[in-house]
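Reading through the structure tokens given below for one structure.
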Number of protein chains: 2
Amino acid sequence: MRLSNLADYAVVTMSAAARHCGGGRTSAAELAAETGLPVPTVQKVVSKLSAAGLLRSVRGAGGGLQLARPAAAITLADIVEAVEGPIALTACIDGDECAVDHTCSVKPHWPVVNAALRGALAGIPLTQLSKAAPREPNLTGISA
Amino acid sequence: MRLSNLADYAVVTMSAAARHCGGGRTSAAELAAETGLPVPTVQKVVSKLSAAGLLRSVRGAGGGLQLARPAAAITLADIVEAVEGPIALTACIDGDECAVDHTCSVKPHWPVVNAALRGALAGIPLTQLSKAAPREPNLTGISA
DNA sequence: GCAAATCGGAACGAAATGGTCTGATTTGAC
DNA sequence: GTCAAATCAGACCATTTCGTTCCGATTTGC
């Protein structure tokens, strides 16, 4: 129910990379300095992000990273899926079988929840993450 | 991003317990036989559920379990929270601090996602899980 | 041709989870 | 009143996944 730290780091890293998009290429070390994350951790995150096609990496001296797509075309759902795979709360969706083959009356309901979660993540583009505050009035409104 | 197996088992167990609610008390062994889960696992799940106040357990010979509330008043959100704690995708909500104290522009957006996820889980009561199929037409509609 | 700088993948350690087991408690029967 | 059966409750151990770190492959600039 809680996404992994790597996914969280990936979101922060992409948010930092979005600010450097206009200025051209950046590096993993620079992103680590800005976000405060350890350099090796950022490297691992960058590897997954570039493997998923969200970042374009150029090797060699003078190389660096840059967004593969415009920041407006990248959402939270893309970043989370790049690091953690498909967005699904249960494994019985892609694997098709639970541990037991009982007539699971719960299984049909998971796609509804998954779609809701994915929709919430897909509704926040990367451009919005660069802003200071969201548009919603209640920041602590978990029970809203 | 994927809930733990225990939480999944808890949902299945509660769904099975809801069917026995009318007939009075049931036992962990009986629930294990119906769901196909290992008996000790069901016992562990039952312990967490009763500690959270969702199940009422009676010890001793002839004892057993029963729902503490009507099935209509128990939702997926209650079950998940009973096993996994508060529904939050990131730890920076309750802990208030990320690993680094950078001006995190991503943090303000998480409550929005958390509320959406919690709303999706709270919208499915336990009575609906006992039914064979959901009301939604597309079972595989993850991209809906 | 050499050297510096960068990304990429692999290996190690740690933490959380899942599963199992044994013990404490209570009721029912004799 | 005593014994025995049945049940839940908590503690222990193995496994897996996650997180971190390190080293090698590759490319450009001088």
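The values are calculated or read from the model by the stated rules, or taken from the named source; none is laboratory data. No experiment lies behind these values; they were computed from the predicted model shown. Neighbour counts are summed over all protein chains in view; Cβ atoms, including those assigned to glycine, are modelled from backbone coordinates with ideal geometry. Just so you know, the surface numbers come from the protein's heavy atoms only, side chains and all, with ligands and any DNA or RNA stripped out. Shrake-Rupley method; radii C 1.70, N 1.55, O 1.52, S 1.80 Å.
Details
- In region A:58-93, residue surrounded by the fewest Cβ atoms within 10 Å (Cβ to Cβ) [restricted to those that are at the interface with chain B (Cβ under 8 Å from one of its Cβ atoms) and aliphatic (A, V, I, L, M)]: A:A91
- Exactly one residue out of A:V113, A:V100 is at pLDDT below 85 and open to solvent by less than 20 Å² (accessible area, probe 1.4 Å): that is A:V113.
- Among the residues of region B:118-140, those identified as in a helix (DSSP H, G or I) and modelled with pLDDT of 85 or more are B:R118, B:G119, B:A120, B:L121, B:A122, B:L126, B:T127.
- Candidates in region A:35-57 are the residues that are surrounded by fewer than 17 Cβ atoms within 10 Å (Cβ to Cβ) and in a helix (DSSP H, G or I); of these, the one that is nearest to DNA strand D (Cβ to nearest atom) is A:P40.
- Looking only at region A:1-34, and only at residues there that are within 30 Å of B:V11 (Cβ to Cβ) and of a type in the set (D, E, K, R), the one that is surrounded by the fewest Cβ atoms within 10 Å (Cβ to Cβ): A:R2
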